[in-house]
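Visitor: First the structure, then my questions, so here it is.
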Amino acid sequence: MARGKLIVLTGPSGVGKGTLLRSLLRRHPELYLSISVTTRAPRPGEVHGQNYYFVTRSEFEQMVMSHQLLEWAEFAGNYYGTPRQAVEEQIRQGNWVVLEIELQGARQIFQSLPDTLGIFILPPSMSELEQRLRGRAQDSEEAILRRLERAKTEVSAADEFDICVINDDLDRALDRIEAALFAPTEAATVAV
Ligand code: 5GP
């Protein structure tokens, strides 16, 4: 049976990962998107089991202690983690699994599963990223500055990934991601 593939998509807050990912999944419904567990409160419109599994801190800690998470990290005061069982099951079945996670989690995955394909999404420039974060008008000035600081750290780690894609134009960025995913190489197959 064909072995599955694990794909990690990372990039700073505001870079447009969510939009890219939604378009990628529309083009390739055969890709399996892992649903993360988080202690953050749901945003308006978010659905438990669809966007995230929303859990309490003690439920999350229990999952960490019983090794139910493939990776986990704290981001902006909340915990986020990837449920292990669903991902391993999908890969065993030969499916391609996408994790949309931040840098610390990506590093844990690269350590434990080095054959993972790591894709880093870059903004066209830091000033463009700042404009996008401000344009969302979702966050306080303090939160924007914190996210920008974090974005600088994440961007400086971009070379830890197999490919970097500049999100200057949605279709072009998608084409580049597709080219990396469907390139005829064995390098990105993974066994769990
Ligand atoms: P948000 O709160 O905006 O949905 O997500 C905040 C950050 O957490 C984003 O960078 C997102 O990629 C990351 N994230 C979401 N799920 C996970 C996860 O399971 N593990 C890790 N390490 N990061 C995650």
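Visitor: Taking the stretch 8-36 on its own, how many of its residues are in a strand (DSSP E or B) and among the hydrophobic types (A, V, I, L, M, F, W, C)?
Guide: Counting residues in the stretch 8-36 that are in a strand (DSSP E or B) and among the hydrophobic types (A, V, I, L, M, F, W, C) gives 3.
Visitor: Tally up the residues in the stretch 7-49 that are away from the ligand (no atom under 13 Å from the Cβ), farther than 25 Å from E130 by Cα and surrounded by 13 or more Cβ atoms within 10 Å (Cβ to Cβ), please.
Guide: The number of residues fulfilling the criteria is 5.
Visitor: Ok, one more. Take the residues in the stretch 145-160 that are of a type outside the set (S, T, N, Q), within 20 Å of the chain's Cα centre (by Cα) and within 20 Å of G77 (Cα to Cα); name whichever of them is most open to solvent (accessible area, probe 1.4 Å).
Guide: R146
Visitor: When you scan the stretch 172-188, do you find a residue that is modelled with pLDDT of 90 or more and under 17 Å from S13 (Cα atoms), even just one?
Guide: yes
Visitor: Additional query: Collect the residues in the stretch 71-122 that are among the small types (G, A, S), within 19 Å of R40 (Cα to Cα) and surrounded by fewer than 17 Cβ atoms within 10 Å (Cβ to Cβ), keeping them in residue-number order.
Guide: Passing the criteria: A76, G77.
Visitor: Something else about it: For the stretch 50-70, how many residues meet the condition of being buried (at least 16 other Cβ atoms within 10 Å of the Cβ) and either within 13 Å of T38 (Cβ to Cβ) or more than 10 Å from the ligand (Cβ to nearest atom) (or both)?
Guide: Residues meeting the conditions: 8.
The values are calculated or read from the model by the stated rules, or taken from the named source; none is laboratory data. Since we're looking at a predicted model, the values are computed, not measured. Neighbour counts run over all protein chains shown; Cβ positions are idealised from the backbone, glycine included. All accessible areas refer to the heavy atoms of the entire protein, side chains included, with ligands and DNA or RNA removed. Shrake-Rupley method; radii C 1.70, N 1.55, O 1.52, S 1.80 Å.
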